[in-house]
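*Asks:* This structure is in structure tokens; I'll ask about it shortly.
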Amino acid sequence: MKDVDIFYDTENNRSHRLSHLIKNMKSRRTELEKYGPNLDQRFFRAISDLKYRGDASAHAIEEDPSQDDLEEKSKSATNVAKILFRLKTEAKTAHRNN
């Protein structure tokens, strides 16, 4: 928890914005990769795309999204979530064993 400021804004008692979290993940990529998944450009593009789509959809109403588009977004979000969950699990396990 000595590096809590990487993901939490202690000054304002809140989590950092997603863009700040992505920047921090990119800057500590080598350190994070020791916990398993390969955090390649494709992974960061997927996160950025999800963020962009989420920001845009928060300000618009899509009346009739196609099933293919929904499935694509769901697959991308699921893959990103799995990688992030694996990172969290592996990091916790590694630090518990030290």
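*Asks:* If you go through the stretch 64-73 one residue at a time, do you hit one that is surrounded by fewer than 12 Cβ atoms within 10 Å (Cβ to Cβ), more than 19 Å from HIS16 (Cα to Cα) and among the basic types (Lys, Arg)?
*Replies:* If we filter the stretch 64-73 for residues that are surrounded by fewer than 12 Cβ atoms within 10 Å (Cβ to Cβ), which is where we start, we get 64-72.
If we keep only those that are more than 19 Å from HIS16 (Cα to Cα) as well, we get 64-72.
Add one more test, that the residue is among the basic types (Lys, Arg), and what stays is none.
Scanning the stretch 64-73 turns up no residue that is surrounded by fewer than 12 Cβ atoms within 10 Å (Cβ to Cβ), more than 19 Å from HIS16 (Cα to Cα) and among the basic types (Lys, Arg).
*Asks:* Another question, then. Just a yes or no: is a residue in the stretch 75-83 without any contact (Cβ under 8 Å) to a residue 40 or more places away in the chain, surrounded by 12 or more Cβ atoms within 10 Å (Cβ to Cβ) and not polar (S, T, N, Q)?
*Replies:* Keep residues of the stretch 75-83 that are without any contact (Cβ under 8 Å) to a residue 40 or more places away in the chain, which gives 75-82.
Filter again for surrounded by 12 or more Cβ atoms within 10 Å (Cβ to Cβ), leaving 76-77, 79-80.
From what's left, not polar (S, T, N, Q): 77, 80.
Looking for residues that are without any contact (Cβ under 8 Å) to a residue 40 or more places away in the chain, surrounded by 12 or more Cβ atoms within 10 Å (Cβ to Cβ) and not polar (S, T, N, Q), one finds at least one in the stretch 75-83, hence yes.
*Asks:* Looking at the stretch 43-54, I want the residues that are of a type outside the set (D, E, K, R) and have a partner that is surrounded by fewer than 17 Cβ atoms within 10 Å (Cβ to Cβ) and not in a helix (DSSP H, G or I) with Cβ atoms under 7 Å, at least 6 apart or on another chain. Which pairs are those?
*Replies:* Between residues of the stretch 43-54 that are of a type outside the set (D, E, K, R) and residues that are surrounded by fewer than 17 Cβ atoms within 10 Å (Cβ to Cβ) and not in a helix (DSSP H, G or I), there is no close pair.
*Asks:* Return only the number of the condition from (1) of a type outside the set (A, V, I, L, M); (2) touching a residue at least 12 places away in the same chain (Cβ under 8 Å); (3) loosely packed, with under 10 Cβ neighbours inside 10 Å that ASN38 does not satisfy.
*Replies:* Condition (2) is where ASN38 drops out.
*Asks:* Which condition breaks for ILE22 when tested against (1) over 13 Å from the mean Cα position of the chain (by Cα); (2) among the β-branched types (Val, Ile, Thr); (3) not in a loop (DSSP other than H, G, I, E, B)?
*Replies:* (1)
Each reported figure results from applying straightforward, stated rules to the coordinates on display, with no laboratory input. Note that the structure is predicted; figures quoted are calculated from it, not measured. Neighbour counts are summed over all protein chains in view; Cβ atoms, including those assigned to glycine, are modelled from backbone coordinates with ideal geometry.
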